[in-house]
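Reviewing the structure listed below.
FYI, it's all coordinate maths here, none of it is from the lab. Nothing here was measured: the structure is a model prediction, and the numbers come from that model. Please note: Cβ atoms are built from the backbone with ideal geometry, for glycine as well, and neighbour counts cover all protein chains shown.
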């Protein structure tokens, strides 16, 4: 039934209206176009990790990236023993999308993510390279025995962003009461449910992470494989039907100009080691891990260099990444 002319007239008077267009697919990245849609960076790690990022050519020639059963595989080197006196790190991938976007729905479908190995730090995130404003959709650190992921926002000090969503508006839990997005390193962070990261995530054949981003909020969703909404599978995603997000960064529950604080974003994937979170920048284990006891190696850097075989599961297997606007 077509809407009445009176309804259409009323609709024009209001900002929000039930006739608002649904999200439409604007970019799709998968095995058919991955290598032309992302740029590989063989540059120093900004988190000062024990990692050497490689070019696309080297990643392909050494098997660190390839197409496997129509899925994109990106791994770390799991064969090379590195001299502990060396300054070299373990080889890995760091990639960025060639096409940025502003507002919309970003959906990543992952069959496998790097597991919760001691020393590892995998991330799926976005940022504005020039103006700041970082959205960590999925990341976790070193020996995460609870197997939960974290969603985190980082803003420039001048934006002074804080978020404190009520418990009944998200399924995640604020990380150490980090509500201030300008905090160095930690930002404002929410941890997801058990199984949103690591071995349990992979055992369940992966799942979907989604970021719904508007001028007033950023919401992060996680769905295990068995719980992916049918509208995502059909290519007609509708976040209004998904229930509570994992993390709810809504300006009505804080003090933040989302529009100004998070300008145009570029998509990132990387897996680093040690550095600022999985271990300290000096290479020692982060104080909150028991990795020294678990591995029998006194520092994060030494472990990453000496034990390549322990990183056999530190790989991404990606079905697709899609942007809807």
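Couple of notes before you dig in:
- Listing 34, 316 from fewest to most neighbouring C-beta atoms within 10 Å gives 34, 316.
- The ratio of the alpha-carbon radius of gyration of the chain to the globular-protein estimate 2.2 N^0.38 Å is 1.02.
- Based on every Cα atom in region 180-325, Rg and the maximum pairwise Cα distance Dmax equal 18.2, 50 Å.
- Gained length - residue 131 relative to residue 87, 0.36 nm times residue gap less alpha-carbon distance: 12.7 nm
- Region 207-325, relative contact order in percent, only Cα pairs under 8 angstrom and at least six apart counted: 16
- Inter-site label distance for residue 252 and residue 214 at 7 Å from Cα along Cβ, in nm: 0.9
- Panel order for 86, 55, 120, 196, by other beta carbons found within 10 Å of each beta carbon, from fewest to most: 86, 55, 196, 120.
- Full-stretch length increase - residue 224, residue 68 - with 0.36 nm per residue and alpha-carbon distance subtracted: 54.0 nm
- Length gained when the stretch residue 264-residue 231 is fully extended (0.36 nm per residue, less Cα-Cα span): 9.3 nm
- Computed over the chain: relative contact order in percent, which uses C-alpha pairs under 8 Å that are six or more apart: 29
- Rounded Å value of the spacing that divides the Cα centres of region 156-176 and region 79-119: 26
- Antiparallel DSSP beta bridges within the chain, as percent of all bridges there, nearest 5: 95
- With neighbours defined as other Cβ atoms within 10 Å of a residue's Cβ, the residues 310, 257, 109 order from fewest to most as 257, 310, 109.
- The calculated FRET efficiency for residue 164 paired with residue 325, based on their beta-carbon distance and R0 = 25 Å, is about 0.30.
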